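Encoded as structure tokens, the structure appears first; notes follow it.
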């Protein structure tokens, strides 16, 4: 039994992107506590595998998070089959693509899933999370961001922009719900290097690639998330086997100081600032 009342037997968890990676690990954790779990994903093979691999009360539904109509169908299922109450909503679905400044489809695909997949989820499902939340029976919203949306490394502008926008949305949601539904907690999950489908851990191709030593397993991320939720933390900035919490904080501080000190953007990766950045972060006190 979890000491967090959101992870309570009989509660409902709805998880987008829940058929693999971090979403699947979260689904398994919720089911282990006796929660009902509704996994939404666009990969039918992974949905089937998830349903068979998790012991407990698990249902699946094929959803394209870029389509608000699919979320309306998901909402209707929650209302029909689960009494219209969501206790844990995890907006976790995301994709990673590479493209150029001339490729508008690259920007649209990234934004449609990574950003509007969150917006659509909040537009349709948030009332089912907040309407029943009380001090004795609270609810939670988890939104999956990325360190690339915070420290903004060069190389994938659309992905970084989508995750930066997700961070902003989550921050505003936390502030607004602190007034309108104070018993509904909001958590921005920012994984470190994690062995998921985006990094080669494809559930349909088991054993084809070993986990890199520096990466965490999705289960480690979810355990860390649960611990931070228990502490009441909004920002869940996960370390990994290569990057410590202290290193993350130093990188974030250096990035913010580009703005505060009037430096050019992304100085951590500019040749004329690289040595200064490394030395400054090495001596930085956190």
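Points worth noting:
- When segment 63-92 is filtered for residues that are farther than 21 Å from residue 113 by Cα, in contact with a helix residue (DSSP H, G or I) (Cβ under 8 Å, 6 or more places away or on another chain) and surrounded by 14 or more Cβ atoms within 10 Å (Cβ to Cβ), the ones remaining, listed by number, are 78, 84, 85, 86, 87.
- Condition check for residue 192: on the phi < 0 side of the Ramachandran plot and more than 12 Å from the chain's Cα centre (by Cα): no
- Single condition residue 201 does not satisfy, out of (1) part of a loop (DSSP other than H, G, I, E, B); (2) at pLDDT 95 or above; (3) surrounded by 12 or more Cβ atoms within 10 Å (Cβ to Cβ): (2)
Residues are listed down the side, and each one gets a yes or a no for (1) surrounded by 15 or more Cβ atoms within 10 Å (Cβ to Cβ); (2) under 17 Å from the mean Cα position of the chain (by Cα); (3) at pLDDT below 95; (4) within 22 Å of residue 196 (Cα to Cα):
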residue: 1; (1), (2), (3), (4): no, no, yes, no
residue: 7; (1), (2), (3), (4): yes, no, no, no
residue: 15; (1), (2), (3), (4): yes, yes, no, yes
residue: 61; (1), (2), (3), (4): yes, no, no, yes
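- Residue within segment 145-158 that is assigned by TED's automatic domain parsing to the domain that holds residue 235, within 25 Å of residue 75 (Cβ to Cβ) and touching a helix residue (DSSP H, G or I) at 6+ places or on another chain (Cβ under 9 Å) present: yes
- Residue within segment 143-158 that is free of Cβ contacts under 8 Å to residues at least 60 places away in the same chain and over 19 Å from the mean Cα position of the chain (by Cα) present: yes
- Sole exception among (1) in contact with a helix residue (DSSP H, G or I) (Cβ under 9 Å, 6 or more places away or on another chain); (2) surrounded by fewer than 18 Cβ atoms within 10 Å (Cβ to Cβ); (3) not assigned by TED's automatic domain parsing to the domain that holds residue 285 for residue 230, by number: (1)
- Residue check, residue 177 assigned to a helix (DSSP H, G or I), in contact with a strand residue (DSSP E or B) (Cβ under 7 Å, 6 or more places away or on another chain) and farther than 17 Å from residue 114 by Cβ: yes
- Single residue of 18, 83, 34 found to be assigned by TED's automatic domain parsing to the domain that holds residue 142 and within 16 Å of residue 225 (Cα to Cα): 18
The values are calculated or read from the model by the stated rules, or taken from the named source; none is laboratory data. All values derive from a computational prediction rather than experimental measurement. Don't worry about glycine lacking a Cβ; one is built from the backbone with ideal geometry, like all the others, and counts go over all protein chains shown.
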